[in-house]
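> So that we are looking at the same thing, I have put the structure below in structure tokens.
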There are 2 protein chains.
Amino acid sequence: MSLATSAPHSIDRATCAALDAADPLARFRERFALPEGVVYLDGNSLGALPRATPGHVERVIAEEWGTGLIRSWNDAGWFDKPAVLGDRIAPLIGAAPGEVVLGDSTSASLFQVVTAAARIRPGRRVIISECGNFPTDLYVLESVQELLGEPGRPLERRLIDDDGPTLDEVLDGDVAVVVLTHVNYRTGRMYDMAEVTRRVHEAGALMVWDLCHSVGAVPVELNAARADFAIGCTYKYLNGGPGSPSFIWVAGRHHGVARPPLTGWHGHARPFDFTVGYEPADGITRFRVGTPQLLAVAGLEASLDLWAEVDLAELREKSLRLTELFICLVDARLAEWGIEVVTPRQSARRGSQVALRAVGTLDAGDGYALMQALIARGVIGDFRAPDLMRFGFAPLYVTHTDVWDAVAALEEILRSGSWREPRFARRGAVT
Amino acid sequence: MSLATSAPHSIDRATCAALDAADPLARFRERFALPEGVVYLDGNSLGALPRATPGHVERVIAEEWGTGLIRSWNDAGWFDKPAVLGDRIAPLIGAAPGEVVLGDSTSASLFQVVTAAARIRPGRRVIISECGNFPTDLYVLESVQELLGEPGRPLERRLIDDDGPTLDEVLDGDVAVVVLTHVNYRTGRMYDMAEVTRRVHEAGALMVWDLCHSVGAVPVELNAARADFAIGCTYKYLNGGPGSPSFIWVAGRHHGVARPPLTGWHGHARPFDFTVGYEPADGITRFRVGTPQLLAVAGLEASLDLWAEVDLAELREKSLRLTELFICLVDARLAEWGIEVVTPRQSARRGSQVALRAVGTLDAGDGYALMQALIARGVIGDFRAPDLMRFGFAPLYVTHTDVWDAVAALEEILRSGSWREPRFARRGAVT
């Protein structure tokens, strides 16, 4: 059944239940420990807990740490975990074995790759990104600009924006690196990775992709797109646990020349020789920094067991079915209340999340109270200032019925006006 | 009883058992889940597992992540954990509230503070460290030298060494920063923090202390010593778990001016405004980078509960009793087999670990096989190339009887020659 060709009024909750019954990924939902009475649409921010994770982490703590103690660095393979798990992330992003490694926080990993990329184009003094990028990416770029520039003369930054300038308008022979997020964290808009990379390469620059909102949400083909560097997050769609380690991908052709700035001993060619001078390891290993946070790594390991079973084509198909259903229902049932869809309707330009905005008689900032009222009813999305209600559709555990229930809940909240209760009013930070 | 004044031959296992019975810290040993039949003397590398940790981590996973989901960023205080746990580390290092925050890996945190320190002395082009520093510190310095220098002209590095040059010989008006490890990772030698800091300040430079082998091992008084910056590790004596997060300390007087290079969004003044430009937070917060690895943070949190009960004066007293006992027994029983103590005998110059070396008829590298033979007997220390057998004495769970048993085991191995068995011969890396 194609939703796009169905009349919206022909969709009811039974239609959604039928879609769930026919869903080839339905079996994954029971692999997650979702709380009763919750429709969880914030897996784009923090993924749900796989049922296998607590037992795995408990075993790592009791057996590997408690009993194995220091011996586990060898016996339990601790030292190699960042590379071993990197190899298990590789098929999710179209990367080859030996091209991916776990990092520290996403921000630190972005610092690693942007600095390394810019060093490969030393004569060029411009870095391009975009206004709507996740802020930490822009903050990290500011630091790279200063550190790689000369005193009083940082590298230049050019930011593209939806209202212009466009990428083509700012790309020229001075550009060293372009840093873009594949799926936008606010709107869910997705770039054509291959096409953007091609244009960047035509200008002689290198392409760094931030995959935080892509990995586990949409199929990614880094090598097919001829991209240069990428980083990503494992605690969103990959369900690695709160703050689980980032990953770093570097195209094989750059391995011999890339020079990351965080030159910790785990990136050394022979870390246990304890030499005085730094000598980078071959391959992706030189992007490692220090001792990995192994309890967090254990959380990620458990979730990657589950990802090994996922067919990414099925994942994308279901993701589009969910987001299309949501958009369709919002149009049909919420437009009259002043709710509009911000996310692109063209499926090729959409990740696995949809953003809504309050318009018309509503104030844009009313989205905050609307989201709080939704959360109070057990429908969990989030709000991003100044005006976006975000809903993430993690295909492994979100059902079509969840989508129905979320829209029905929002309709009821709008109809009743319950979101105007003082308890939902804005105060303080929203995380 | 003073061991120093006892005749070594008057010490027997019963003496050690009596010392254990009188030990005010003895009650802590049962708080750790040490495996049966193991004498664990490698807590200077990876601390033992507190019994309370598995339950705490399990609760964070099941309740905060599994049930709380995204709401736990506010409801469970996730966002503030790096500052809250930093404040709990503060009393262990003589720091004030608001001066300590958790970081990523130790290497990344050292990069943060050394860069920030050198930027406070922009006219000076020299960084001092020492040959015997933990290698990652030196590797990180190489990167800072390059990034803060001009193209083709990195900052200069001067390394002091036991055989010279001395600190006084290399300190002059060109020095921006001195980076030293308080307790040496190989030999256990400890610097006089206040005295070294005073000399560094006399030269107009700033002092960065690496506390990896100090925190939880010896009392540290950063503010009393007027130090400037420090970093440390929580997975050794603090028992936070394998790879648990590092911490960063910055003296309050530098908070307004320090500019760290990893400018992630968790260090921003208003992270949830999602502004395009970076504006550093006040205080120590600006040293935060990205999302903390919260399962690893949970491990640390459990161990800090335990540390809140520890009297650091008692800790130091027991630590010195253990290391003195070990040195005394090695002298009395192992010297004849060619084993010598490398660690300073003067207690004020010793941390909580002791290094031994094979000399005389033994080859220096024989320490490797000797350590493997010890480990096979359940006495776990480690070997650091080229020639050191390291033994760490974590005062919360190592007993005087452990010390006796370790020396007795090594004596038996030397006497029987069992360490010459091929299975103990060196191969591959030792972690």
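> Could you compute how much accessible area chains A and B hide from each other, both sides summed, with a 1.4 Å probe? Nearest 100 Å² is fine.
Numbers: alone 17900 and 17900 Å², together 28570 Å².
Using a 1.4 Å probe on protein heavy atoms, the buried area is about 7200 Å².
> Given the whole protein assembly as supplied and a 1.4 Å probe, what does the accessible area of B:Arg153 come to in Å², nearest 10?
Its heavy atoms expose roughly 120 Å² to the probe.
> In peptide A:263-270, what is the residue-averaged number of other protein chain Cβ atoms found within 10 Å of each Cβ?
Values: counts 11, 13, 10, 4, 3, 3, 0, 1.
The shielding value for this peptide is 6.
> With every protein chain left in place and a probe of 1.4 Å, what is the accessible surface of A:Asp104, to the nearest 10 Å²?
10
> Leaving out ligands and nucleic acids, note down the accessible area per residue over the protein assembly as shown with a 1.4 angstrom probe, in whole Å².
Details: 28570 Å² over 862 residues.
Solvent-accessible surface per residue comes out at 33 Å².
> Given the options B:Asp163, B:Asp12, B:Asp174, which has the most mean-square fluctuation in a GNM of chain B, springs set between C-alpha atoms less than 10 angstrom apart?
Among B:Asp163, B:Asp12, B:Asp174, the largest GNM mean-square fluctuation belongs to B:Asp163.
> Considering the zone a paramagnetic label at B:Gln346 would reach in this model (a point 7 Å from Cα along the Cα-to-Cβ line), which residues of region B:191-209 have amide N under 16 Å from it?
Of the residues in region B:191-209, B:191-197 have backbone N under 16 Å from the label point off B:Gln346.
> May I pose another question? Compute the Cα gyration tensor for the protein assembly as shown, then decide on rounded, prolate or oblate, letting a ≥ b ≥ c be the square roots of its eigenvalues: rounded whenever a/c is under 1.5, prolate when a/b is larger than b/c in the other cases, and oblate in all that remain. Intermediate results must be reported in sequence, preceding the final value.
Values: a/c = 2.06, a/b = 1.66, b/c = 1.25.
It is prolate, given that a/c is not under 1.5 and a/b is the larger ratio.
> Quick check: the angle from helix B:400-416's long axis to the longest principal axis of chain B, C-alpha only, nearest 10 degrees?
60
> Let me cross-check A:Thr291: its accessible surface, 1.4 Å probe, with only protein heavy atoms counted, in Å² to the nearest 10?
It works out to around 10 Å².
> For region A:381-431, what class follows from the C-alpha gyration tensor (a ≥ b ≥ c being the square roots of its eigenvalues): rounded when a/c is under 1.5, otherwise prolate if a/b is larger than b/c, else oblate? The partial results should precede the final answer.
Details: a/c = 2.86, a/b = 1.32, b/c = 2.17.
It is oblate, given that a/c is not under 1.5 and a/b is not larger than b/c.
> What's the FRET efficiency of A:Arg51 with A:Glu169 using the Cβ-Cβ distance as r and R₀ = 30 Å, to the nearest 0.05? Provide the component values of the computation, followed by the final result.
Details: r = 50 Å, r/R0 = 1.65.
That pair, A:Arg51 with A:Glu169, gives E of 0.05.
> With a 4.7 Å Cβ cut-off, tell me which Cys residues in the protein assembly as shown come up empty for a partner.
By the Cβ distance rule, which asks for a partner under 4.7 Å, the isolated cysteines are A:Cys16, A:Cys131, A:Cys328, B:Cys16, B:Cys131, B:Cys328.
> Let me ask something additional. Return the distance in nm (one decimal) between the two label points of a simple spin-label model at B:Arg27 and B:Arg59, each offset 7 Å from Cα along Cα→Cβ.
In this crude spin-label approximation the distance works out to 2.0 nm.
> Using a Förster radius of 45 Å, what is the FRET efficiency between B:Glu36 and A:Asp305 based on their Cβ-Cβ separation? Nearest 0.05, please. Walk me through the numbers before you get to the answer.
Values: r = 31 Å, r/R0 = 0.68.
With R0 = 45 Å, the Cβ-Cβ based efficiency is 0.90.
> Continuing with the same structure: If a paramagnetic tag sat 7 Å from the Cα of A:Ala96 along the Cα-Cβ line, which residues of region A:225-268 would have the backbone N under 15 Å from that point?
So the set is A:225-229, A:249-257.
> Give me the inter-chain shielding for A:77-86: mean count of other chain Cβ atoms within 10 Å, whole number please. Display every interim value, and only then the final one.
On the way: counts 0, 4, 2, 0, 2, 0, 0, 0, 0, 0.
Per-residue shielding by partner chains comes out at 1.
> Moving on to the next point. Hey, what number do you get for chain A at 222 nm if only DSSP H runs of n ≥ 4 count, each worth -39500 (n - 2.57), divided across all residues, to the nearest 500? Write out the running numbers ahead of the final one.
Numbers: 12 runs with 136 residues, N = 431.
Only helices count here, giving -9500 deg cm²/dmol.
> Here is a follow-up. Once a ≥ b ≥ c are taken as the square roots of the eigenvalues of the Cα gyration tensor of region A:77-307, is the result rounded (a/c under 1.5), prolate (a/b larger than b/c) or oblate (a/b not larger than b/c)? Walk me through the numbers before you get to the answer.
Details: a/c = 1.80, a/b = 1.24, b/c = 1.45.
Note, shape of region A:77-307 comes out oblate.
> On average, how many beta carbons from a partner chain sit within 10 Å of the beta carbon of a residue in B:130-138?
Details: counts 1, 1, 2, 1, 2, 11, 12, 2, 7.
Shielding by partners across B:130-138 averages 4.
> Would you mind counting up the charge near B:Leu155? Only other residues with Cβ under 11 Å from its Cβ, with Lys and Arg at +1 and Asp and Glu at -1.
Working: positive: B:Arg121, B:Arg124, B:Arg125, B:Arg153, B:Arg157, B:Arg158; negative: B:Glu142, B:Glu146, B:Glu150, B:Glu156, B:Asp174.
Net of charged neighbours comes to +1.
> Quick check: residue separation of B:Arg420 and B:Val84 times 0.36 nm, minus the Cα distance between them. What number comes out in nm?
Values: separation 336, 0.36 × 336 = 120.96 nm, distance 5.07 nm.
The span from B:Arg420 to B:Val84 would gain 115.9 nm if fully extended.
> Counting only the backbone N, which residues of region A:351-374 are under 12 Å from the spot 7 Å out from the Cα of B:Asn74 toward its beta-carbon?
A:368-374
> I've got another one for you. If I compute solvent accessible area with a 1.4 Å probe over the protein chains, what percent of it on the protein assembly as shown is carbon and sulfur?
Working: 14180 of 28570 Å².
Percent of accessible area from carbon and sulfur atoms in the protein assembly as shown: 50.
> Right, something else. Relative to the longest principal axis of chain B, what angle (0 to 90°, nearest 10) does the C-alpha long axis of helix B:135-148 take?
So the inclination is approximately 20 degrees.
The values are calculated or read from the model by the stated rules, or taken from the named source; none is laboratory data. What you see is a predicted model; the values in this text were computed from it and never measured. Positions of Cβ are backbone-derived with ideal geometry, glycine not excepted, and every protein chain shown enters the neighbour counts. The accessibility values were calculated without ligands, DNA or RNA, using every heavy atom of the protein model including side chains. Shrake-Rupley method; radii C 1.70, N 1.55, O 1.52, S 1.80 Å.
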